[in-house]
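Below: the structure, in structure tokens.
The values are calculated or read from the model by the stated rules, or taken from the named source; none is laboratory data. Just so we're clear, the structure is a prediction, and the values are computed from it rather than from any experiment. Every residue, glycine as well, gets a Cβ built from its backbone with ideal geometry; the counts of neighbours run over all protein chains shown. Keep in mind that these areas ignore ligands, DNA and RNA; they rest on the heavy atoms of the full protein, side chains included. Shrake-Rupley method; radii C 1.70, N 1.55, O 1.52, S 1.80 Å.
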Amino acid sequence: MSTEDYIDEVEITEEIPLCNEIRVTIPSQWRGERLDKSLAACMPQYSRSKLQSWIEAKLVKYLDGRFAQIKDQITGEQILLVTIPEDPQNKAFEPENIPLEIIYSDSSIALINKSAGMVVHPAAGNWSGTLLNALLYHFPECNQVPRAGIVHRLDKDTSGLLVIAKNIIAQTHLVRQLQSRTVSRRYLALVWGKPPMSKTISAPIGRDPRDRLKMAVTDAQGAKEAITSFNVLRSVNYENKEVSLIECKLQTGRTHQIRVHLQHLGFPLLNDPIYQLRSPLQLQKVLMESLGVSPENLMPGQMLHATQLGFTHPESGKELKWSCPPPQVFLNLMGNLGIQEQVWKHLLV
């Protein structure tokens, strides 16, 4: 199993822009300032570090053909020609006519309800059949955006909402919202046990030193801050074992965050293929088979669904929120457990 198959919400902060040359006039108000600082103010859709790398690569020049230097001083009303490099990544992947459930689409963004079992981004063992391949087919304009517009990710076997940027300005705007933690992300999860009714977990997550395919709560070097809040919506008894439906809210976006935090507390997700050390595996098999189909045909992995997503529209500036119900197999399992729709329906906006 490749670790790339199981990527949870990972914030993408690197900006790799399009291929064209643009003309930028630095206003006289920046006279005496460094060129990189002035250029960053005039091109806020790109980070200052990215612009510095272009200057060093001789992609920024004056009208007379001289290449700009980072520490050049602005004299006022100067015109610069900025060559924005091509993103080679998308050209490595082929568009594929893979069906997508498109919740919403406009000139800037698209909302996708990703199915469980779909890998978001091509990687070792999954070079085709991914969400990225599908995006290149359904939205050809995404070919001009880094990673085909993907700004955050879901595990392969997690279903639910993802936002896609259709241009570099929208992508940068959405990434900055993720960085500032203003994007609202809510999940539904079925877990073993009966957690506290409400809890916020703040525990750093890094690579598991004993198993490089897994993540873990750890204080080791390289671990990143991770914060998850959850509320218990309903707990039921199944064969003398508690099962709970919980609503999770992400404040950060680390690899496998929800799965790792809940397993660390002793409440692993039902049917999780790798974070299941404390789950009653034999009872889990019986529960899955109670629907009359094999576990392989029921749900490929953990019972986790990204049900609600909210953010500021990068073009209109409006606060928007979308939601979608869990997949049918998730609903069937909740029905078998006696968990009624009204328990979680408040999450649908």
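Below is a table of values for the structure above.
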read-out: Of all residues in the range 251-277 being over 15 Å from Gly193 (Cα atoms) and open to solvent by 20 Å² or more (accessible area, probe 1.4 Å), the one that is modelled with the lowest pLDDT; value: Pro273
read-out: Subset of the range 248-286 [among the hydrophobic types (A, V, I, L, M, F, W, C) and touching a Cys at 6+ places or on another chain (Cβ under 9 Å)]; value: Ile258, Leu262
read-out: Filter result (within 16 Å of Leu270 (Cβ to Cβ), basic (Lys, Arg) and touching a Ser or Thr at 6+ places or on another chain (Cβ under 8 Å)) within the range 227-258; value: Arg234
read-out: Selection count, the range 137-167, where residues are open to solvent by less than 10 Å² (accessible area, probe 1.4 Å) and more than 25 Å from Pro325 (Cα to Cα); value: 4
read-out: Selected residue (only one of Val232, Val191 is buried (at least 22 other Cβ atoms within 10 Å of the Cβ), at pLDDT 90 or above and not in a helix (DSSP H, G or I)); value: Val191
read-out: Among (1) in contact with an Asp or Glu (Cβ under 9 Å, 6 or more places away or on another chain); (2) at pLDDT 95 or above; (3) open to solvent by less than 70 Å² (accessible area, probe 1.4 Å); (4) not basic (Lys, Arg) - the single one Ser202 does not satisfy; value: (3)
read-out: Residue within the range 77-87 that is over 30 Å from Lys58 (Cα atoms) and out of contact with any helix residue (DSSP H, G or I) (no Cβ under 7 Å at 6 or more places or on another chain) present; value: no
read-out: Residue that is surrounded by 13 or more Cβ atoms within 10 Å (Cβ to Cβ) and not aliphatic (A, V, I, L, M), where the choices are Lys114, Lys58; value: Lys114
read-out: Residue satisfying all of: in the range 318-348; in contact with a strand residue (DSSP E or B) (Cβ under 8 Å, 6 or more places away or on another chain) and basic (Lys, Arg); least open to solvent (accessible area, probe 1.4 Å) among these; value: Lys321
read-out: Sole exception among (1) at pLDDT 85 or above; (2) of a type outside the set (Lys, Arg); (3) surrounded by fewer than 17 Cβ atoms within 10 Å (Cβ to Cβ); (4) outside any strand (DSSP E or B) for Val293, by number; value: (1)
read-out: Selection within the range 302-317 - surrounded by fewer than 20 Cβ atoms within 10 Å (Cβ to Cβ), in contact with a Ser or Thr (Cβ under 9 Å, 6 or more places away or on another chain) and either modelled with pLDDT under 95 or of a type outside the set (Val, Ile, Thr) (or both); value: Gly310, His313, Glu315, Ser316
